[in-house]
Amino acid sequence: LIKKHDNAFVLIDPVMGDNGLRYKTYTDSMCRRMKDLIKHADIVTPNLTECCILTDRIYEEVSLDEETLLQIAKEIADLGPSKVVITGVIKDGDIITFAYDKGSEEFFVVKNQYNQKSYSGTGDIFASIICGIMVNREDFKFAVDKACQFIKNAIDFTGTDNVDTNNGVNFEPLLYQLL
């Protein structure tokens with residue numbers, strides 16, 4: 001049993017899969033437990049694969065229109081978190097981040113041109129940026145926008161060096177952008 005302190009802020013990145021596939025290390029039981037865990041979160045940052053796992057959808061059958069993404073975000077928010085950020089939705093040459101705030105019933109979309117590159121660890125960095133900004137009592141939309149822009153810049157920067165995508169993104173030289 002988890003008891004959250006009234007002043008606690010909890011962000012959960014439910015790292016369960018990617019590109020329509022559940023990670024081999026995840027069992028059905030672990031996925032069910034992740035649903036239980038996110039009940040205690042203020043913000044969750046699942047990618048589309050993880051959204052499908054959390055909402056019992058078939059990845060290949062999910063439409064990428066705003067109406068469907070909003071429905072998915074609301075279903076996840078109904079599990080407990082007040083804010084849902086769906087990451088890494090690739091559509092029409094863009095990489096889309098879809099954010100929903102249950103309290104205000106508002107959503108917004110951040111689009112960046114997709115450069116066909118994906119690096120290990122970007123989700124961790126993305127979630128860390130949002131968490132850091134929100135802990136400093138900044139606006140949710142500002143936090144998501146800032147995290148999206150930073151990750152885009154880091155991926156673009158890393159892409160110029162032909163770094164193996166499994167080695168992660170070279171973000172350290174760009175940390176000044178978060179000030």
**OP:** Would you look at the GNM of the chain, springs on alpha carbons closer than 10 Å, and say which of 111, 24, 141 moves the most?
**Re:** 24
Original post:
Label-point separation (nm) for residue 116 and residue 128, each offset 7 Å from Cα along Cα-to-Cβ?
Top reply: 2.9
Original post:
Which whole-Hz couplings ³J(HN,Hα) result when phi for each residue of the range 109-125 is put into the Karplus expression 6.51 cos²θ - 1.76 cosθ + 1.60, θ = phi - 60°, listed in order with x for Gly and Pro?
Top reply: 10, 10, 10, 9, 5, 7, 9, 6, 10, 9, 10, 4, x, 5, x, 5, 5
Original post:
Which whole-Hz couplings ³J(HN,Hα) result when phi for each residue of the range 51-67 is put into the Karplus expression 6.51 cos²θ - 1.76 cosθ + 1.60, θ = phi - 60°, listed in order with x for Gly and Pro?
Top reply: 4, 5, 5, 5, 10, 6, 9, 9, 3, 5, 9, 7, 6, 9, 7, 4, 4
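How much of the DSSP beta bridge set in the chain is antiparallel, as a percent to the nearest 5? All intermediate terms of the calculation are to be shown ahead of the outcome.
Numbers: 17 of 22 bridges.
DSSP beta bridges in the chain are roughly 75 percent antiparallel.
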**OP:** Find which of 97, 25, 82 sits farthest along the positive direction of the dipole of the chain, computed with +1 on the beta-carbon of Lys and Arg, -1 on that of Asp and Glu, about the Cα centre.
**Re:** 25
Original post:
For the range 131-179, which whole percent of the accessible surface, found with a 1.4 angstrom probe, sits on carbon and sulfur atoms?
Top reply: 51
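From the protein chains alone at 1.4 Å, what is the descending order of accessible area for 110, 15, largest first? Could the numbers behind the result be given before it?
Numbers: 110 20, 15 65 Å².
My answer, sorted largest first, is 15, 110.
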Original post:
Within the range 74-90, whose backbone N sits under 14 Å from a point 7 Å along Cα→Cβ of residue 42?
Top reply: 81-84
**OP:** Just the number, please: Stokes-Einstein D of the chain in µm²/s, Kirkwood Rh from C-alpha pairs, 10 °C, 1.306 mPa s.
**Re:** 95
Original post:
Spin-label point model (7 Å from Cα, Cβ direction): what's the residue 94 to residue 32 distance in nm?
Top reply: 3.9
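In the range 55-130, which GluC sites (Glu not before Pro) are in a loop and have at most 16 other Cβ atoms within 10 Å, using DSSP for the loop call? Let's see the in-between values first.
On the way: sites: 60, 61, 66, 67, 75, 105, 106; in loops: 105.
Counting only loop positions with at most 16 other Cβ atoms within 10 Å, the GluC sites (Glu not before Pro) in the range 55-130 are 105.
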Original post:
Taking a probe of 1.4 angstrom, what is the accessible area of residue 97 in Å², to the nearest 10?
Top reply: 10
**OP:** Would you mind calculating the gained length between residue 105 and residue 63 on full extension (0.36 nm times residue separation, minus the Cα-Cα distance), in nm to one decimal?
**Re:** 13.0 nm
Subject >> Using a Förster distance of 30 Å, the FRET efficiency for residue 9-residue 176 (Cβ separation, nearest 0.05) >> reply: 0.75
Original post:
Per the Kirkwood definition applied to all pairs of different Cα atoms, how many angstroms is the hydrodynamic radius of the range 105-179?
Top reply: 13.0
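Give me the dipole magnitude in Debye, nearest 20, for the chain about the Cα centre, with unit charges on the beta carbon: positive for Lys and Arg, negative for Asp and Glu.
520
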**OP:** Can you tell me the equivalent ellipsoid semi-axes for the range 33-102? Use √(5λ) from the Cα gyration tensor, largest first, whole Å.
**Re:** 19, 13, 10
Original post:
Per-residue HN-Hα couplings for the range 143-159, Karplus 6.51 cos²θ - 1.76 cosθ + 1.60 at θ = phi - 60°, whole Hz, x for Gly and Pro?
Top reply: 4, 5, 4, 5, 5, 4, 5, 5, 5, 4, 4, 5, 5, 4, 4, 5, x
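The values are calculated or read from the model by the stated rules, or taken from the named source; none is laboratory data. All figures in this text were calculated on a predicted structure; none of them were measured in a lab. Every residue, glycine as well, gets a Cβ built from its backbone with ideal geometry; the counts of neighbours run over all protein chains shown. Accessible surface areas use protein heavy atoms only, side chains included; no ligands, DNA or RNA. Shrake-Rupley method; radii C 1.70, N 1.55, O 1.52, S 1.80 Å.
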